[in-house]
Amino acid sequence: MQNSIISDRLKPYLGPQIYTQFTQLAIQKECVNLGQGFPNYPSPQFLRQAISEEALVESLQYTSTSGLPRLLKSGAEFFSKHIGISIDSEKEISIGAGAQTILVSVFQAILNKGDEVICFDPSFDVYKPMIEFQGAKQIGIALKIGKWNNKEEMLRKFENGIFRQDKEDIWKIDLDSLKYHLNDKTKMIILNSPQNPNGKVYDQEELDQLADILENYPNVVICEDAAYHHLPFGDYEIFNYPRSISHKRLSKKTICVISAGKMFSATGLRVGFAIGPESIIKGVKAAQTYHLFCLNPIMQAATAKSLELCMDGQYFKEKRIFYEKQAQTLLKGLVESRLNLNYMVPSGGYFLLTDISNVEIPEQYFIHPDTKETLSRDFAFVYYLANEFGVVCIPMSPYYSDKRIGEKLVRWAFCKTDETIQEACRRLK
């Protein structure tokens, strides 16, 4: 009786997410948690101060469905300035309770039953259930994996205290596979750049090629998940790097999703933005009316004040330097570890991946400790790591439609303090 109450579409997702599973494991085993992607250091004091101030003066009543006027204005001004586009604060931007809720509204606004949504794997695992809840279908297309580097090859890349990223290391869109899977049912392509979990940034050539291909599919919408648009590394400029929302031929068919929580290292803030053409934004606003309606006015006002304080972009430039340093520190620790891993240098975001094909994992870890089910290699590795080293990372098969590719990979979060990363590296060494 109990199972029959739950809708069929939700039944596959009743269990805890992988992040919950392995955060619990980290607590149980007293591990250093490099699994879930949340910063473990304090959010900026100016944001905390803004929340405190606004809590005393802001009305605690409903706001407009599309957002608090002040935040719509400051958001439009900030993103127009730094992305290099023009945003009408009344027609081309909407605010929701975090990027994930914005994504739900985007999918509700655009997808019909039977539509197909292309994701470039490894893709964030929340996309699939969100898409399926609309009666649509996720089509995963694996990115072409660049060159995995062993320890010796990584050490040859180490110059002036950093690991150099070479052209052959970069993940690329499989254009032939994309052309093969595009059809009349295709309604959306999701571009997550920088990408969770592999740190990929889609370059100008790839966006131009995508624009060429989509000339034959005028009704396909691009959903640009820009949760990490303040964290492209290397020569890329924060916010204003190659992206669909600012591309001359793709911008009019792009809806961009942004996370204020990620921007301000405050993942519990739960303020997100959608920016794009009025023809799409009006659908997002309408969808939001019937499930969220509006969000906390205090958090909106505090986010507006924080964006106004950071309008020059200096705070985000400093954060980019910090995150890139953390990525290099963790990568160096993994290269120096006892584990026989293969590596790539990330281009941005919160995470890096390693290949675990050559790691010898004791057979006992291929059996789930509670259910006794047989585990794939990536899950076995995480249990092995937690029990033998006291460190937790995240398995990658849930990020792939073709699980066989993901079973060779794990994700490590570097959005952590120096102390956390150093302790993890010490344990792995």
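Any read-out appearing in this document is the output of simple, stated calculations on the displayed coordinates, not a laboratory observation. The model shown is predicted, which means the values in this text are computed figures rather than measured ones. Virtual Cβ from ideal backbone geometry, glycine too; neighbours counted across all protein chains shown.
Per-residue Karplus couplings for the range 109-118, computed as 6.51 cos²θ - 1.76 cosθ + 1.60 with θ equal to phi - 60°, are listed in order as 6, 10, 8, 10, 4, x, 5, 10, 10, 8 Hz, Gly and Pro entered as x.
For the range 312-321, backbone phi angles converted through the Karplus equation (6.51, -1.76, 1.60; θ = phi - 60°) give residue-by-residue couplings of 6, x, 5, 4, 6, 5, 5, 5, 4, 4 Hz, Gly and Pro being listed as x. If the segment from LYS179 to ARG249 were pulled out straight at 0.36 nm per residue, it would be longer than the present Cα-Cα gap by 23.4 nm. Note on ALA211 and ASN112: the extension gain reaches 33.3 nm, defined as 0.36 nm multiplied by sequence separation minus the Cα-Cα distance.
For a Förster distance of 22 Å, can you work out the FRET efficiency between the beta-carbons of GLN422 and GLN28, rounded to the nearest 0.05?
Values: r = 23 Å, r/R0 = 1.03.
My answer for the efficiency is 0.45.
Note on GLN204 and TYR41: with the Förster distance fixed at 41 Å, the Cβ-Cβ geometry gives a FRET efficiency of about 0.75.
Which is the longest stretch in the chain that no exposed loop site breaks, taking sites as GluC sites (Glu not before Pro) with a DSSP loop state and at most 15 other Cβ atoms within 10 Å?
Longest stretch, sites excluded: 91-214.
In this rough spin-label picture, where each label sits 7 Å from Cα along the Cβ direction, the LEU292-LYS317 distance is 3.1 nm. Under 5 Å from the amide H of ALA142 lie the amide H atoms of ASP121, each residue being 5 or more positions distant or on a separate chain, with H modelled from the backbone and absent for Pro and chain starts.
Between ILE5 and ASN240, what length in nm is gained on full extension when 0.36 nm per residue of separation is reduced by their alpha carbon distance? Spell out each step's value before the answer.
Details: separation 235, 0.36 × 235 = 84.60 nm, distance 4.77 nm.
Result for the pair: 79.8 nm of gain on full extension.
For GLY98, the residues 5 or more places off, or on other chains, whose built amide H falls under 5 Å of its own are VAL271, GLY272. Taken about its Cα centre, the chain carries a charge dipole of roughly 320 debye when the Cβ of each Lys and Arg holds +1 and the Cβ of each Asp and Glu holds -1.
Excluding same-chain neighbours fewer than eight residues apart, the aspartates and glutamates reachable from LYS151 by a Cα-Cα span under 14 Å are GLU336, ASP355. Using a simple spin-label model with pseudo-atoms 7 Å out from Cα toward Cβ, GLU388 and GLU363 lie 1.5 nm apart. Rounded to whole numbers, the Karplus 3J(HN,Hα) couplings from phi for the range 199-215 are x, 6, 10, 6, 8, 4, 4, 5, 5, 5, 5, 5, 4, 4, 5, 6, 4 Hz, using 6.51 cos²θ - 1.76 cosθ + 1.60 with θ = phi - 60°, and x at Gly and Pro. Inter-label distance, THR371 to LYS151: 3.4 nm, where each label sits 7 Å from its Cα along the C-beta direction. Cross-link partners of LYS113 among aspartates and glutamates, defined as those whose alpha carbon lies under 17 angstrom from its own and excluding same-chain residues fewer than eight positions apart: ASP8, GLU132, ASP184. Cross-link reach is defined here as a Cα-Cα straight distance under 17 Å, omitting same-chain residues fewer than 8 places apart; for LYS317 the aspartates and glutamates meeting it are ASP235, GLU237, GLU308.
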